[in-house]
1. Working carefully through the options SER200, SER218, find the one that is among the polar types (S, T, N, Q), buried (at least 23 other Cβ atoms within 10 Å of the Cβ), under 17 Å from THR145 (Cα atoms) and at pLDDT 90 or above.
2. With respect to ILE244, is the statement that it is under 11 Å from the mean Cα position of the chain (by Cα) and β-branched (Val, Ile, Thr) true?
3. Residue under question is THR195, and the condition is that it be of a type in the set (S, T, N, Q), surrounded by 15 or more Cβ atoms within 10 Å (Cβ to Cβ) and farther than 22 Å from PHE27 by Cα; does it hold?
4. Sort out which residues of the stretch 162-177 are of a type outside the set (D, E, K, R) and surrounded by fewer than 20 Cβ atoms within 10 Å (Cβ to Cβ), and write them in order of number.
5. I'd like to know if the stretch 70-89 contains one or more residues that are touching a residue at least 60 places away in the same chain (Cβ under 8 Å) and among the basic types (Lys, Arg).
6. If ALA177 passes every condition in (1) at pLDDT below 95; (2) in contact with a strand residue (DSSP E or B) (Cβ under 8 Å, 6 or more places away or on another chain); (3) of a type in the set (A, V, I, L, M) but one, which one does it miss?
7. Given the criterion within 22 Å of PHE27 (Cα to Cα) and modelled with pLDDT of 90 or more, identify the matching residue among LEU238, LEU142.
8. Could you tell me which residue of the stretch 1-58 is modelled with the highest pLDDT, considering only residues that are assigned to a loop (DSSP other than H, G, I, E, B) and over 30 Å from ARG108 (Cα atoms)?
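The values are calculated or read from the model by the stated rules, or taken from the named source; none is laboratory data. No experiment lies behind these values; they were computed from the predicted model shown. Ideal geometry is used to build each Cβ from the backbone, glycine not excepted, and the neighbour counts take in all protein chains shown.
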Amino acid sequence: MLLPRILTAIIGIPIMLWIIYAGGPAFAGFIFLIIAFSLYEYSALLKLGSKPLDRPALYIFGLMLPIVMYFDYMPKAYGDHITGAMISLIVIGTLCLELFHKEKYIERMGLTLLGIFMLSWCLFQFVPLRSLPNGKDLTFMLIITVWVMDTAAYFFGKKFGRFQLTGVSPKKTWEGAIAGFIFAIGTALLIARFTDGQISYGKAAVIGVLIGIFGQMSDIAESMIKRAVGAKDSSNMLPGHGGIMDRFDSYIFLAPVIYYFMVLVK
């Protein structure tokens, strides 16, 4: 399993870093693909666990939402209300579609909406984050800091971990989580040095704290879904790494948290 993991990283990491550097439509298209694959894996997980899900609504609304949001973020493209209209349509449409099912489940509506907003809405926030004036530096900071945080949490948790963090992920420990938190702050501050003042040390410290908290919580939340259906990985799409959701689980919470933090404090 180690060789496929290394090969996947050698091929995937440079491509991802180049796409972040390029930005624009290439980056938006990359995020759209991440969302599309994540929706597929979410659907497969719920099917594995025999959970009710309206798959047509998940795919149609889940793919329409990031497309609409992309054009909404383009200056003066369609006004300021198209995303709100799309969200309203998603909620109304999902509820109305349930009326046509022979057996009607509140759980099916809830799990469908959860998938759409957890994956399509949250992960899309990468696009407006990258589009900020300092978005390239912010996106690199977010991606690299999570990588370092996850590595530190794994290493220190495996070597020094004694106290279990949560029953959702039995191998995660408080020692690993604290190490990941500290390394997240340190990495964000270090990266800020190379941004030519685009990201202040104060903002970098707060970003590090947010990554250290919400990144690890996001990871656990995705694990909670997998545990609920009895799955170890979201899929085997990435050899040695599991699925797309497994690789981007920390960013589900972080993309909107970091984006809206930067918007609110600018």
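1. Values: SER200 fails: buried (at least 23 other Cβ atoms within 10 Å of the Cβ).
From the options SER200, SER218, the qualifying one is SER218.
2. On the way: under 11 Å from the mean Cα position of the chain (by Cα): yes; β-branched (Val, Ile, Thr): yes.
In short, yes.
3. Working: of a type in the set (S, T, N, Q): yes; surrounded by 15 or more Cβ atoms within 10 Å (Cβ to Cβ): yes; farther than 22 Å from PHE27 by Cα: no.
The answer is no for THR195.
4. Step one: of the stretch 162-177, the residues of a type outside the set (D, E, K, R) are 163-170, 173-174, 176-177.
If the condition is that a residue be of a type outside the set (D, E, K, R) and surrounded by fewer than 20 Cβ atoms within 10 Å (Cβ to Cβ), then PHE163, GLN164, THR166, GLY167, VAL168, SER169, PRO170, TRP174 are the ones that fit.
5. Filtering the stretch 70-89 down to residues touching a residue at least 60 places away in the same chain (Cβ under 8 Å) leaves none.
So far as the stretch 70-89 goes, no, none of its residues is touching a residue at least 60 places away in the same chain (Cβ under 8 Å) and among the basic types (Lys, Arg).
6. ALA177 satisfies all of (1) at pLDDT below 95; (2) in contact with a strand residue (DSSP E or B) (Cβ under 8 Å, 6 or more places away or on another chain); (3) of a type in the set (A, V, I, L, M) except (1).
7. Working: LEU238 fails: modelled with pLDDT of 90 or more.
That would be LEU142, the only listed residue that is within 22 Å of PHE27 (Cα to Cα) and modelled with pLDDT of 90 or more.
8. Here is the first cut: in the stretch 1-58, the residues assigned to a loop (DSSP other than H, G, I, E, B) are 1, 23, 49-54.
Next cut, over 30 Å from ARG108 (Cα atoms) only: 1, 23.
Numbers: MET1: 49, GLY23: 90.
Per the stated criteria, the residue is GLY23.
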